[in-house]
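The structure appears right after this line, and notes come after that.
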Amino acid sequence: MVSLGELLSLLLVSVLWGCTNPFLKRGTEGLEHVSGTGTRISQLLAEIKFLFLNLKYLIPFLLNQSGSLVYYLTLATTELSLAVPVANSLTFVCTLLTGKLLGEEFGGKRDVAGMLLTMTGITLCVISSVNDNQNSGPMTQTVQ
(Lines give C-alpha, C1' and ligand atoms only; values in the text may rest on other atoms or scores of the structure.)
Protein backbone atom coordinates (compact mmCIF):
# COMPACT_ATOMS: atom_id res chain seq x y z
CA MET A 1 0.00 0.00 0.00
CA VAL A 2 1.15 3.53 -0.72
CA SER A 3 2.08 5.26 2.50
CA LEU A 4 1.52 8.89 3.31
CA GLY A 5 5.29 9.31 3.57
CA GLU A 6 5.79 8.04 0.02
CA LEU A 7 3.13 10.41 -1.33
CA LEU A 8 4.64 13.33 0.57
CA SER A 9 8.08 12.40 -0.78
CA LEU A 10 6.74 12.41 -4.33
CA LEU A 11 5.06 15.74 -3.68
CA LEU A 12 8.36 17.14 -2.35
CA VAL A 13 10.15 15.88 -5.46
CA SER A 14 7.57 17.56 -7.69
CA VAL A 15 7.83 20.84 -5.81
CA LEU A 16 11.65 20.80 -5.87
CA TRP A 17 11.72 19.98 -9.58
CA GLY A 18 8.78 22.08 -10.73
CA CYS A 19 9.33 25.21 -8.68
CA THR A 20 13.00 25.43 -9.64
CA ASN A 21 12.43 25.14 -13.40
CA PRO A 22 11.37 28.78 -13.95
CA PHE A 23 14.25 29.96 -11.73
CA LEU A 24 16.71 27.84 -13.73
CA LYS A 25 15.38 29.44 -16.89
CA ARG A 26 15.93 32.91 -15.43
CA GLY A 27 19.36 31.95 -14.15
CA THR A 28 20.54 31.10 -17.66
CA GLU A 29 19.73 34.57 -19.01
CA GLY A 30 22.90 36.00 -20.48
CA LEU A 31 24.41 32.61 -21.29
CA GLU A 32 24.13 33.32 -25.00
CA HIS A 33 26.56 36.24 -24.59
CA VAL A 34 29.30 34.11 -23.00
CA SER A 35 32.15 33.34 -25.37
CA GLY A 36 35.26 31.24 -25.06
CA THR A 37 38.51 31.56 -26.97
CA GLY A 38 37.03 30.03 -30.11
CA THR A 39 37.20 26.28 -29.59
CA ARG A 40 34.22 24.21 -28.57
CA ILE A 41 35.88 23.07 -25.37
CA SER A 42 36.74 26.61 -24.29
CA GLN A 43 33.16 27.69 -25.09
CA LEU A 44 31.80 24.83 -22.97
CA LEU A 45 34.11 25.68 -20.08
CA ALA A 46 33.18 29.37 -20.28
CA GLU A 47 29.48 28.48 -20.14
CA ILE A 48 29.98 26.10 -17.20
CA LYS A 49 31.94 28.80 -15.37
CA PHE A 50 29.17 31.31 -16.05
CA LEU A 51 26.50 28.97 -14.70
CA PHE A 52 28.29 27.78 -11.60
CA LEU A 53 29.43 31.24 -10.54
CA ASN A 54 25.91 32.59 -11.02
CA LEU A 55 23.88 32.21 -7.79
CA LYS A 56 20.64 32.84 -9.69
CA TYR A 57 21.34 29.55 -11.43
CA LEU A 58 23.33 27.63 -8.84
CA ILE A 59 20.83 27.75 -5.95
CA PRO A 60 17.86 26.50 -8.04
CA PHE A 61 20.15 23.90 -9.61
CA LEU A 62 21.17 22.54 -6.20
CA LEU A 63 17.53 22.48 -5.03
CA ASN A 64 16.55 20.71 -8.23
CA GLN A 65 19.27 18.12 -7.71
CA SER A 66 18.15 17.58 -4.11
CA GLY A 67 14.76 16.70 -5.60
CA SER A 68 16.50 14.08 -7.71
CA LEU A 69 18.11 12.65 -4.58
CA VAL A 70 14.74 12.45 -2.79
CA TYR A 71 13.26 10.83 -5.92
CA TYR A 72 16.00 8.22 -6.01
CA LEU A 73 15.50 7.39 -2.34
CA THR A 74 11.72 7.26 -2.76
CA LEU A 75 11.97 4.81 -5.66
CA ALA A 76 13.43 2.24 -3.26
CA THR A 77 10.07 1.89 -1.49
CA THR A 78 7.46 3.15 -3.94
CA GLU A 79 5.94 1.33 -6.89
CA LEU A 80 7.54 2.56 -10.10
CA SER A 81 4.17 2.56 -11.87
CA LEU A 82 2.96 5.13 -9.33
CA ALA A 83 6.12 7.15 -8.64
CA VAL A 84 6.93 8.12 -12.22
CA PRO A 85 3.54 9.50 -13.29
CA VAL A 86 2.88 11.24 -9.98
CA ALA A 87 6.27 12.95 -9.76
CA ASN A 88 6.46 13.95 -13.42
CA SER A 89 2.86 15.13 -13.70
CA LEU A 90 2.96 17.19 -10.54
CA THR A 91 6.29 18.67 -11.66
CA PHE A 92 4.49 20.01 -14.73
CA VAL A 93 1.78 21.57 -12.56
CA CYS A 94 4.34 23.10 -10.16
CA THR A 95 6.31 24.53 -13.08
CA LEU A 96 3.22 26.19 -14.56
CA LEU A 97 2.07 27.62 -11.23
CA THR A 98 5.53 28.92 -10.28
CA GLY A 99 5.98 30.45 -13.71
CA LYS A 100 2.63 32.20 -13.37
CA LEU A 101 3.62 33.57 -9.95
CA LEU A 102 6.80 34.93 -11.55
CA GLY A 103 4.80 36.69 -14.26
CA GLU A 104 5.25 34.24 -17.13
CA GLU A 105 2.47 33.65 -19.62
CA PHE A 106 0.09 30.95 -18.45
CA GLY A 107 -1.26 29.76 -21.77
CA GLY A 108 -4.93 30.07 -21.04
CA LYS A 109 -7.75 27.55 -20.93
CA ARG A 110 -5.76 24.74 -22.50
CA ASP A 111 -3.16 24.80 -19.73
CA VAL A 112 -5.87 24.87 -17.06
CA ALA A 113 -7.59 21.93 -18.75
CA GLY A 114 -4.25 20.12 -18.91
CA MET A 115 -3.64 20.67 -15.21
CA LEU A 116 -7.13 19.42 -14.33
CA LEU A 117 -6.65 16.32 -16.48
CA THR A 118 -3.23 15.78 -14.91
CA MET A 119 -4.65 15.99 -11.40
CA THR A 120 -7.46 13.61 -12.38
CA GLY A 121 -4.96 11.13 -13.76
CA ILE A 122 -2.78 11.32 -10.65
CA THR A 123 -5.82 10.79 -8.44
CA LEU A 124 -6.79 7.71 -10.46
CA CYS A 125 -3.24 6.33 -10.21
CA VAL A 126 -3.18 6.75 -6.44
CA ILE A 127 -6.66 5.26 -5.99
CA SER A 128 -5.77 2.34 -8.24
CA SER A 129 -2.56 1.70 -6.34
CA VAL A 130 -4.36 1.75 -3.00
CA ASN A 131 -7.13 -0.55 -4.27
CA ASP A 132 -4.67 -3.01 -5.82
CA ASN A 133 -2.76 -3.28 -2.56
CA GLN A 134 -5.93 -3.76 -0.51
CA ASN A 135 -7.21 -6.49 -2.83
CA SER A 136 -3.91 -8.38 -2.88
CA GLY A 137 -3.78 -8.89 0.87
CA PRO A 138 -3.09 -12.28 2.40
CA MET A 139 -5.14 -14.88 0.63
CA THR A 140 -6.70 -17.72 2.48
CA GLN A 141 -7.79 -20.91 0.88
CA THR A 142 -10.66 -23.05 2.03
CA VAL A 143 -9.92 -26.76 1.93
CA GLN A 144 -12.91 -29.09 1.54
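Among the residues of the range 77-84, is there at least one that is assigned to a helix (DSSP H, G or I) and either over 22 Å from the mean Cα position of the chain (by Cα) or farther than 30 Å from SER129 by Cβ (or both)?
No, the range 77-84 contains no residue that is assigned to a helix (DSSP H, G or I) and either over 22 Å from the mean Cα position of the chain (by Cα) or farther than 30 Å from SER129 by Cβ (or both).
Pick from the range 19-45 the residues that are touching a residue at least 24 places away in the same chain (Cβ under 8 Å) and either in contact with an Asp or Glu (Cβ under 7 Å, 6 or more places away or on another chain) or assigned to a helix (DSSP H, G or I) (or both): which of them is surrounded by the fewest Cβ atoms within 10 Å (Cβ to Cβ)?
ARG26
Taking the residues in the range 102-140 that are surrounded by 10 or more Cβ atoms within 10 Å (Cβ to Cβ) and more than 30 Å from VAL2 (Cα to Cα) as candidates, determine which candidate is modelled with the highest pLDDT.
Going through the qualifying residues, I end up with LEU102.
Residues that are touching a residue at least 24 places away in the same chain (Cβ under 8 Å) and part of a helix (DSSP H, G or I): does the range 99-112 have at least one?
yes
The values are calculated or read from the model by the stated rules, or taken from the named source; none is laboratory data. Bear in mind the structure is a predicted one, so any value in this text is a computation, not a measurement. No Cβ is skipped: glycine too gets one built from the backbone with ideal geometry, and neighbour counts run over all protein chains shown.
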